[in-house]
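Student: My structure is below; once you've seen it, I'll send some questions.
The values are calculated or read from the model by the stated rules, or taken from the named source; none is laboratory data. As the structure is a prediction and not an experimental result, all values here were calculated from the model. We place every Cβ from the backbone using ideal geometry, glycine too, and count neighbours over all the protein chains shown.
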Amino acid sequence: MKVKIALVALMLVLIPVGMAMAQQPTNLYDTLAADGNYKTFLSLVDKANIQELKSMQGPFTVFAPTDAAFANVPKATLDKITGDPAIVRDVVFFHITPGKYLVKDLPALKECKTLCPTDNAGIMKFNKVGDKYMVNDANIVKPDMMATNGVAQGIDAVMLPKFAPPKNL
């Protein structure tokens, strides 16, 4: 009987500890990959070999376009982006900002610079319209995906820097 009580007590301690360990956040890249709705964005991250989302400490905030957002980009535009490694890198960096910003903090922030290195191309503007939070012209559709090196905000549009090809190519 004492053995059964000891086993039950041990399980009551170990199960919550194991569940907490299993639910610990991962880095931004793995967090987006686990969600399953950001494959196209992550393929661009891989193509550009951007390590900030995988191994750098951060913190970063990533405004990650969903696969549905990429489906709305004309094929010619997407081909032009993916065909030039410099544009791929700049487009991905245009979606990343240094610092960790929760969705509720964005309207007060109003704007911030991205990691995009091109002059005057890397400004994000934040807004709240009704109950929707926005970055530039994109709606935040999946807020506050926490990671060890920052936070990801899922968005419904691909944001292109001014120098990138127009969406109507």
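Student: Here are some conditions: (1) within 13 Å of the chain's Cα centre (by Cα); (2) closer than 21 Å to M124 by Cβ; (3) crowded, with 18+ Cβ neighbours inside 10 Å. R89 meets all but one. Which one does it not meet?
Tutor: Unmet for R89, out of (1) within 13 Å of the chain's Cα centre (by Cα); (2) closer than 21 Å to M124 by Cβ; (3) crowded, with 18+ Cβ neighbours inside 10 Å: (1).
Student: Starting from the stretch 92-103, take each residue that is under 9 Å from P59 (Cβ atoms) and list its partners that are hydrophobic (A, V, I, L, M, F, W, C) and part of a loop (DSSP other than H, G, I, E, B), counting only C-beta distances under 8 angstrom and pairs at least six apart or across chains.
Tutor: Cβ pairs passing all conditions: P98/L115.
Student: Hey, among the residues in the stretch 48-60 that are assigned to a loop (DSSP other than H, G, I, E, B) and among the small types (G, A, S), which one's farthest from the chain's Cα centre (by Cα)?
Tutor: So the residue we want is S55.
Student: Moving on to the next point. Would you confirm, using the coordinates I've provided, whether K110 is loosely packed, with under 13 Cβ neighbours inside 10 Å, among the charged types (D, E, K, R) and more than 12 Å from the chain's Cα centre (by Cα)?
Tutor: In short, yes.
Student: Out of the stretch 31-44, which residues are within 14 Å of G83 (Cα to Cα) and surrounded by 20 or more Cβ atoms within 10 Å (Cβ to Cβ)?
Tutor: L44
Student: If you don't mind, there's one more thing I want to ask. Would you mention how many residues in the stretch 121-140 are surrounded by fewer than 14 Cβ atoms within 10 Å (Cβ to Cβ) and either of a type in the set (A, V, I, L, M, F, W, C) or within 18 Å of the chain's Cα centre (by Cα) (or both)?
Tutor: Of the residues in the stretch 121-140, 4 are surrounded by fewer than 14 Cβ atoms within 10 Å (Cβ to Cβ) and either of a type in the set (A, V, I, L, M, F, W, C) or within 18 Å of the chain's Cα centre (by Cα) (or both).
Student: List the number of the failed condition for C112; all other conditions in (1) at pLDDT 90 or above; (2) within 19 Å of P59 (Cα to Cα); (3) in contact with a strand residue (DSSP E or B) (Cβ under 9 Å, 6 or more places away or on another chain); (4) not charged (D, E, K, R) hold.
Tutor: Failed condition: (1).
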